1. For Glu209 and Arg118, calculate 0.36 nm times their separation in residues minus their Cα-Cα distance, and state this gained length in nm to one decimal.
2. How large is log10 of I(q)/I(0) for the stretch 26-124 at q = 0.11, 0.15, 0.24 Å⁻¹ when the intensity is taken from the Debye formula with one equal scatterer per alpha-carbon?
3. Once every Cα of the stretch 81-155 carries one equal point scatterer and solvent is ignored, give the base-10 log of I(q)/I(0) from the Debye formula at q = 0.17, 0.25, 0.28 Å⁻¹, two decimals.
4. Hey, could you pull the Cα Rg and Dmax for the stretch 150-193, both in Å?
5. Could you tell me which of rounded, prolate or oblate describes the stretch 119-216, using a ≥ b ≥ c as the square roots of the eigenvalues of the alpha-carbon gyration tensor, with rounded for a/c under 1.5 and, failing that, prolate when a/b is larger than b/c and oblate otherwise?
6. For the stretch 60-113, report the translational diffusion coefficient in µm²/s to the nearest whole number, using Stokes-Einstein at 37 °C, 0.692 mPa s, and a Kirkwood Rh over Cα pairs.
7. Can you tell me, using C-alpha contacts under 8 Å and at least 6 residues apart, the relative contact order of the chain as a whole percent?
8. How high is the relative contact order of the stretch 147-223, given as a whole-number percent (alpha carbon pairs under 8 Å, six or more residues apart)?
Amino acid sequence: MNHPATAPDYLNPDIEPGLPWVRVPLIDATEETVAPFGILVDDPGDVDIEIVRWPAQGTRPVDPDTGDEAGTTEGIFESEWRGDILYGKNDAVGGHYILGYGCDPATAREGAPRAPRRILLWHANYHPDGGQLFFPRERTPFVVPLARPGDDVTPADFVCLRFDGSRGLYIHPNIWHEGVFTLGERQRFFDRQGAVHARVSVDFAREFECLLEVDLGSEAAAE
């Protein structure tokens, strides 16, 4: 598999129309289902963000008291539907993205926010420098797509965990994810993560010629 040589344009992904959809299992978030990826969080103040030491470049090791001193950064992560398009904004790192779509991206249009029946995911990433915490400010349901570490990741490796909004999520370094997806119109999350903010991406549309589908059925509309 040849990975794209350039980073994606997060606000203009330029996705080919008519790509097939690969269904991602939707699973309730419990202690057991979250365990391969991180932990459920009751109080964000109780969570220590893991910071990964800068890797050695050759045979000489990085001095043990260096390489992990950048600390963390924090802010509000906002997930908002504008018509058929789900936008994310991460104030902690100054990021602004299209997280997903409620229909084929070629026909997706902005407009009044509305709860989705499905989410089509075009991209995911992981942070090799540290873990990341998401804690809902509005205690309403949300979902998070996740996969275990490994650069040989494929669409079939992903699951999507469904949270009822009463607890947050902490994910370990190197866990594939793509922000947090509100099941309502708009939702804010307290975000804390490694300040280096290294990001490794997978672009499903370009690499696998597909989109990942989280089928929410009528559940989201009933919230």
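1. 30.9 nm
2. Each listed q corresponds, in turn, to -0.58, -0.91, -1.22.
3. Values, matching the q order: -0.84, -1.39, -1.44.
4. So, for the stretch 150-193, Rg and Dmax equal 12.4, 34 Å respectively.
5. Verdict is oblate for the stretch 119-216.
6. 238 µm²/s
7. Relative contact order for the chain comes out at 32 percent.
8. Numbers: 28 pairs, mean separation 25.7, N = 77.
Relative contact order of the stretch 147-223: 33 percent.
None of the figures in this text is laboratory data; all of them are computed from the coordinates on show. Being a predicted model, the structure only gives us computed values, none of them experimental. Cβ atoms come from the backbone with ideal geometry, glycine included; neighbour counts cover every protein chain shown.
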